[in-house]
1. Ratio of alpha-carbon Rg to the 2.2 N^0.38 Å globular estimate for segment 1-78, to two decimals, please.
2. Build a GNM of the chain with springs between Cα atoms under 10 Å: which of Ser79, Ser171, Ser45 gets the top mean-square fluctuation?
3. Taking every eigenvalue of the Cα gyration tensor of segment 117-192, multiplying by 5 and rooting it, what semi-axes result, largest first, whole Å?
4. For segment 13-46 and segment 100-132, compute the distance between their C-alpha centroids and round to whole Å.
5. Could you identify which residue out of Gly99, Gly31, Gly60 has the top mean-square fluctuation in a GNM of the chain using Cα springs shorter than 10 Å?
6. Compute the projected area of the convex hull of the Cα atoms of segment 152-203, averaged over all viewing directions, and report it in nm² to one decimal place.
7. Based on Cα coordinates alone, diagonalise the gyration tensor for segment 42-82, multiply each eigenvalue by 5, take square roots, and list the semi-axes in whole Å, largest first.
8. Which of the chymotrypsin sites (Phe, Trp or Tyr not before Pro) found in segment 100-195 are in a DSSP loop and have at most 14 neighbouring Cβ atoms, other than their own, within 10 Å?
Amino acid sequence: MIKVLLADDHAIVRRGLIAVLNAEADLEVVGDAATPQEAVLLARSTSPDVVLLDLQFGVGQERGTDVVPALRAVASQPSVLVLTTYDNDQDVIAAMDAGAAGYLLKDSPAEELAAAVRRAHGGAETVDARISQRLRRRDERTALSARELEVLSAVAEGRTNAQVATDLFLSQATVKTHLVHIFDKLGVTRRTEAVARARAEGILRPE
């Protein structure tokens, strides 16, 4: 039996997931949490094999990706599957870099969700096919590197070049170089255009 812990701030979503997963003979929901902090506490007490984790919780709460390392560090070392409505590159990369075993969208069919839980338990990674296809379409010339994505994310938050340099431990000259490459890849000439284009193409999360 694969033990699953759910973490989502909407009770109706948790109830639906419980019904879907408990209908599978080899899956059992052992707990459900409304906040990231509660998820970590429940993971320590229920020893799940897999955690299904939302990305965005209520105002003032941490993002789901912030607690992935803490979830992975509990005694049972569960695999973490992100289950969310956000399908932009920024969130996908952040989740996988944090240690998530997969990234699924909430409109995924029930059988696909159950299969992803089983794959995660078996040590395999799963990314929603729609996201995988989009990422594959970005060739090396147009795909932003992880560092370029960090720089652009900071710019989207309204940070100046000097602030970005401080935040990312870079020189201002290096930040400017990254921006030049970002502008070239996105086909724009200004910071505001770069942010708008990145959001429109699903590279950055929407406002």
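Values in this text are rule-based calculations from the coordinates and carry no lab data. On a predicted model such as this, the values are computed, not experimentally measured, just so you know. All Cβ positions, even for glycine, are placed from backbone atoms using ideal geometry, and neighbour counts span all protein chains on display.
1. Ratio of Rg to 2.2 N^0.38 Å for segment 1-78: 1.01.
2. In this elastic network of the chain, the residue with the biggest mean-square fluctuation among Ser79, Ser171, Ser45 is Ser171.
3. One finds semi-axes of 30, 16, 10 Å for segment 117-192.
4. Distance between centres, Cα-based: 16 Å.
5. Judging by the Gaussian network model, the answer is Gly60.
6. Across all orientations, segment 152-203 yields a mean hull projection of 3.2 nm².
7. Semi-axis lengths for segment 42-82 are 19, 10, 9 Å.
8. Answer by residue number: Phe169.
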